[in-house]
Structures are given as structure tokens and as C-alpha cells.
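What follows is a short report on a single structure.
The values are calculated or read from the model by the stated rules, or taken from the named source; none is laboratory data. Owing to the predicted nature of the structure, the values given are computational and were not obtained by experimental measurement. Cβ sites come from the backbone with ideal geometry, for glycine too, and all protein chains shown count toward neighbours.
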Amino acid sequence: MTGRVIKSTGSWYRVQLHDGPSVDARLRGSMRLQGSRATNPVAVGDFVELEPESEGRYAISNVLERKNHLIRRSVNLSKKTQVIAANIDQAILICTIAEPKTLLGFMDRFLASAEAYGIPALLVFNKMDVYGPSEMEELSYREAAYQRAGYPCMRISAVSGEGLDALRAVLKDKVTLFSGHSGVGKSTLANALQSGLDLRTGEISSAHGQGQHTTTFAEMHPLDFGGYLIDTPGIRGFGLVNMEKDQVSHYFPEIFALSEGCKYHNCTHVDEPQCAVIHAYEQHQIAPSRYENYVHMLNGDEGDDPYRHSESKGE
Ligand code: GDP
Ligand code: ZN
């Protein structure tokens, strides 16, 4: 028997059977992911094998190989990681140009992280109903920058309904991670896409108290028209993987594509002679903010790291 984990509490799991109902299952005590440093061997999105136990109860006996997974570093046990979700088809960053303004540095870090995790990413610009001429100019800059890098961009308004049908078409039959800073409209949007869908994407509720250890788990919310939204309570972005310096350029697709033209194969595109990336930057063939944020990340500047952000807020 196989199915997909759609909810995890840490001690039991809700598993959607293929072409069947969903059942509750627990983890077989002896089961461990081999070679994994994760504190949780099973995460939302995992495909698992189940074995019946007594009275309609099930045990997870095996986790099938993942195509990708999101992790966050565990707070107390520095070497340990928590798997937030697995087998994600796409990650959507909800952004706004105003009220609040999503920082370009945050967007670039998010997208580089998605590349590192092997998750296709899209940008969705919300609150189209409130933008004036200067915001529209800023929006055009961003769309040009990110489309050039290969990221699809969409314009929507969760309030007016603009662009929602196109967004539904993108979500249909896919498992989509919804991310974005607090206030960009994730909850409003989820509700507009499907009434009654109440994402808890914001901060960890104050009811949990500060300084208290609260472990949060992702949940997959089914969409009536097909597909799932993944909600990661208390985690606004996802944890940056530890990127080696020589890897950072791999996570900026348009920079990586240009690097073939650099004189040195190990060019870092910062101060080397005959660098195709610097040349493109000087000729305004790549977005200045993209190149500059690449250099920031290469230098290990913390910037607006979504992971650090959630850590300082959450636990
Ligand atoms: P979340 O923190 O990302 O879940 O954001 P919320 O869904 O709570 O939205 C934050 C605020 O933005 C609320 O006051 C919403 O009513 C408002 N909001 C969300 N989407 C839109 C939109 O498309 N247009 C406008 N004008 N306001 C929006
Ligand atoms: Zn170069």
C-alpha cells in the first residue's frame, strides 16, 4: 500500500492513499533514513509505503526516494536538520511592490535557494489594484530582470481577482510551496483561490509564547481544482542551503549561462579579466540588482536571508 503524506504532527501522519481515502499512520519505531541528519525521517509530500496494523491503523514502513526536499537547520542541535517538505513541484514567491515592498535581495536569495533545492520557482506580484505609475515602473524593471533570468512572472490581485484564473491554471495538479513576507497577501490569496482555505503562513502565533520551543510542520492543502498548496507556518522563506562559493553562480541562471564566455573556467565574475558576466553587466545586458546580489551572496553577506529572518522571529 502506498500513499502520500499530506500532514505531519511529528508523532503521526495523515497519508492520502492513491485513489483512496486518507488514513492516519505512525512511524515504525525502527525506521530511520539512512545517512540522514534529519530529525524527522518522514515529511509532508513524501511518498510512503504503509503496512496495516491492528484495527484500521497503519504504520509507515518505507519512504520512497525524493525528487527534492526543503530543509531547515534545527535550532538546538546545530548539525541536525528538519525536513520541511518533499517532492515539491514548484515554489511561488508572492511579492509586492508596495504595502509592503518586497526587497530585491530577498527575492534573489529565495530564487537562488530554490535553484539549489532543485525546485522550479515563479514570481507572483500581488496587489496590482494599488499600484500607481512609480510602482508600475518598478514592477516592469523586476519583470524584465526575472524573465531574463528565466523565471515566469504573473500579475494578480487577491482583492480584485485579476490574474487568478491564470494562477489557478499554474497551480492545477501541482504541489506548490507558497512563500512570501508577512503582509504580501498569502492568506487572502489562498482564500480567494479556494474559499475556506485558511493558510497559517504568517508568524508563529503568539499563543505559543516566545522563547518556548515550538516545532512547526508544513501541511499540504488540497485544492478543489486539483493540486496542493504547501503551507509552512512560521517559516516565511526557506532556509538557505550552505552554498559553496564556486556554486553560487550556478544558482543565478542568467549569470551561469554567460559564464561560458569567461576567459577562466573558474571565474567568479568579480574582478577577473575578460569576464563575460562583468561585460554583460557593464553593457546593461543583465539586471544590475541581480549581479549585485550575486556578489553579495558570494561575499557571504547575510542580507535579508529568509532563513535567519524566520529564526529570529520564530524560536
Ligand atoms: P499574509 O501575511 O501574506 O498572509 O497577508 P494577508 O493575506 O494577511 O494580507 C495582508 C493585508 O494585505 C491584508 O490587509 C489584506 O487585506 C491585504 N491584501 C491582500 N491581498 C491584497 C490585494 O491584492 N490588494 C490589496 N489592496 N490588498 C491586499
Ligand atoms: Zn566571469
- Task: Would you tally the residues in the stretch 94-118 being part of a loop (DSSP other than H, G, I, E, B) and surrounded by fewer than 22 Cβ atoms within 10 Å (Cβ to Cβ)?
- Result: 6
- Query: When the stretch 254-266 is examined, which residues are found to be at pLDDT 95 or above, assigned to a loop (DSSP other than H, G, I, E, B) and in contact with a helix residue (DSSP H, G or I) (Cβ under 8 Å, 6 or more places away or on another chain)?
  - Reply: CYS262
- Starting from residues that are among the hydroxyl-bearing types (Ser, Thr, Tyr) and within 23 Å of PHE106 (Cβ to Cβ), keep the ones in the stretch 245-267 and report whichever is nearest to ligand 2 (Cβ to nearest atom). SER249
- Those residues that are within 16 Å of ligand 1 (Cβ to nearest atom) and exposed (fewer than 15 other Cβ atoms within 10 Å of the Cβ), I need them from the stretch 139-161; list them, please. SER160, GLY161
- Could you please let me know if TYR141 is under 17 Å from LYS101 (Cα atoms) and either touching a Gly at 6+ places or on another chain (Cβ under 6 Å) or touching a residue at least 60 places away in the same chain (Cβ under 8 Å) (or both)? yes
